[in-house]
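Shown next, in structure tokens, is the structure this report addresses.
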Amino acid sequence: MIKNNVLNILKEKNKSKYWLHNQMGMSSQNFSKMANNETKSISYETLETLCILLDCTPNDILIIDNK
């Protein structure tokens, strides 16, 4: 299963979910679902925005969880 690693990246960069939520301009409900891996997909636009804001690559954000 592919999951996002956003919460771990935020922790590494000493940023809060609140900070990222405000930067993303998403609804709080959609942001929460995305951050907690409760969505089935993520758009390229959202992925690109995350990469820019978190100064990382898609490989940093998307991880494969074999559990």
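Values for this structure:
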{"item": "Under 19 Å from K11, Cα to Cα: lysines that are on another chain or at least 8 residues apart", "result": "K3, K33"}
{"item": "Kirkwood hydrodynamic radius (C-alpha pairs) into Stokes-Einstein, the chain, 37 °C and 0.692 mPa s, D in µm²/s", "result": "273"}
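A short reminder: the numbers here are calculations on the coordinates, not readings from a lab. Just so we're clear, the structure is a prediction, and the values are computed from it rather than from any experiment.
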